[in-house]
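All remarks here apply to the structure that follows.
The values are calculated or read from the model by the stated rules, or taken from the named source; none is laboratory data. Just so you know, these numbers come straight off a predicted model, no measurement behind them. Using ideal geometry, Cβ is built from the backbone for each residue, glycine included, and neighbour counts are taken over all protein chains shown.
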Amino acid sequence: MPAAMNYRHIYHAGNFADIAKHIGLLYCLDALKRKDSPFFAMDTHAGRGFYDMQAAEVHKSGEAERGIQLLIEKGLGIAVLAEYFGAIRGRRGKRLARYPGSPALIADALRPGDRGLFVELMPAEARAAERELESVGRVRTEIGDGYAALKAYLPPDERRGLVLIDPPYESIDELKAMVHAFSEAYLRWPTGTYLMWYPIRSATQRNMVHHRFEGLRIPKILYADIAIHPDDAGVGLAGSGLMIVNPPFGADEYLQKAYTAIHGVIAAPGAGYVDVARLTPERMAK
Ligand SMILES: C[S@@+](CC[C@H](N)C(=O)[O-])C[C@H]1O[C@@H](n2cnc3c(N)ncnc32)[C@H](O)[C@@H]1O
């Protein structure tokens, strides 16, 4: 049973890490729509549907102000980000009133016949998601543990789709739990696309995350890392990382361009980096 939780995503909604993660998610959803056959999208740590940008928690942390509000103010004309701005309904000269969480982005991307499953441990968040989500596809929200849901619902009947695993990293064992749950899910469904988010706090810790995934000896893993602060800045979160297993064609180039654009607007001059590359090859050597 998961430990008791204090994490509340409202403090972080719309920060640079949310932006980076959602850009990767939207690219993969778009790629699934290149084919007509229905797909399945599962969000194991879904949160709510939308985050109110006027909420006291948002003002208190200031993360959205330095993240999505800044990006809209300064970066709205950047062509490579056009689809992202469309998905979050970013408009020129307007502050964003609500920021969509991953389940809202998924729900919005589904077509009739596609299916979304959102799993969230906190009942209040899950109920908010249930109330707020609208989709022409079939959507379902479940209160429960996202890792257990991977066991219960994979592989999906559709046999194509993606899984987003976006835990809060409140516990020091979270990475271990995520890698373990993913490796079991991959055995059951090796052709799905998996997106897994991780925080970047230092160079050593980032290397450790990469090593963990490399050790699984699973082919076709892309990592997309963006840092906006120097590693030793003493801020909680220097950067945001995304592991994408079975990434769609074009993801490497797109994320490199999109992250470079975001970095140019959001990072302090000269701070941080963008690093998008393959962690493992198309085929593993025997
Ligand atoms: C980083 S937030 C999710 C943000 C969301 N995926 C997005 O991009 O908008 C992590 C969420 O996981 C939830 N959570 C924590 N432990 C969980 C678990 N074991 N299973 C499912 N959800 C969990 C938290 O309540 C929180 O809402």
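A few comments on the model shown:
- Any hit, segment 184-194, residues being touching a Phe, Trp or Tyr at 6+ places or on another chain (Cβ under 8 Å), closer than 27 Å to LEU121 by Cβ and assigned to a strand (DSSP E or B): yes
- Subset of segment 45-56 (residues that are under 29 Å from GLU174 (Cβ atoms) and either away from the ligand (no atom under 16 Å from the Cβ) or of a type outside the set (Lys, Arg) (or both)): HIS45, ALA46, GLY47, GLY49, PHE50, TYR51, ASP52, MET53, ALA55, ALA56
- When ALA82 is tested against (1) loosely packed, with under 14 Cβ neighbours inside 10 Å; (2) within 16 Å of the ligand (Cβ to nearest atom); (3) free of Cβ contacts under 8 Å to residues at least 40 places away in the same chain, only condition (2) is not met.
- Scanning segment 16-44 for residues that are more than 29 Å from GLY113 (Cβ to Cβ) and either in contact with a Lys or Arg (Cβ under 7 Å, 6 or more places away or on another chain) or near the ligand (Cβ under 9 Å from one of its atoms) (or both) yields one hit, ALA17.
- Any hit, segment 57-73, residues being β-branched (Val, Ile, Thr) and either under 20 Å from GLY146 (Cα atoms) or more than 16 Å from the ligand (Cβ to nearest atom) (or both): yes
- Once segment 154-177 is narrowed to residues that are closer than 22 Å to GLY101 by Cα, in contact (Cβ under 8 Å) with a residue 24 or more places away in the chain and not in a loop (DSSP other than H, G, I, E, B), the residue that is nearest to the ligand (Cβ to nearest atom) is LEU164.
- Pairs, first hydroxyl-bearing (Ser, Thr, Tyr) in segment 115-141, second within 15 Å of the ligand (Cβ to nearest atom) and part of a strand (DSSP E or B), C-beta under 6 Å, six or more apart: THR141/PHE118
- A single member of ALA148, ALA181 is part of a helix (DSSP H, G or I), aliphatic (A, V, I, L, M), free of Cβ contacts under 8 Å to residues at least 24 places away in the same chain and within 12 Å of the ligand (Cβ to nearest atom), and it is ALA148.
- Residue that is nearest to the ligand (Cβ to nearest atom) [pool: residues in segment 91-104 that are closer than 23 Å to PHE118 by Cβ and in a loop (DSSP other than H, G, I, E, B)]: GLY101
- Residue in segment 230-237 that is in contact with a helix residue (DSSP H, G or I) (Cβ under 9 Å, 6 or more places away or on another chain) and among the β-branched types (Val, Ile, Thr) present: no
- The set of residues from segment 1-52 being of a type in the set (A, V, I, L, M) and either in contact with a Phe, Trp or Tyr (Cβ under 6 Å, 6 or more places away or on another chain) or part of a helix (DSSP H, G or I) (or both) comprises ILE10, ALA13, ALA17, ILE19, ALA20, ILE23, LEU25, LEU26, LEU29, ALA31, LEU32, ALA46.
- Residue in segment 171-188 that is under 24 Å from ARG34 (Cα atoms), of a type outside the set (S, T, N, Q) and in contact with a Lys or Arg (Cβ under 9 Å, 6 or more places away or on another chain) present: no
- Filter result for HIS22 (at pLDDT 95 or above and of a type outside the set (A, V, I, L, M)): yes
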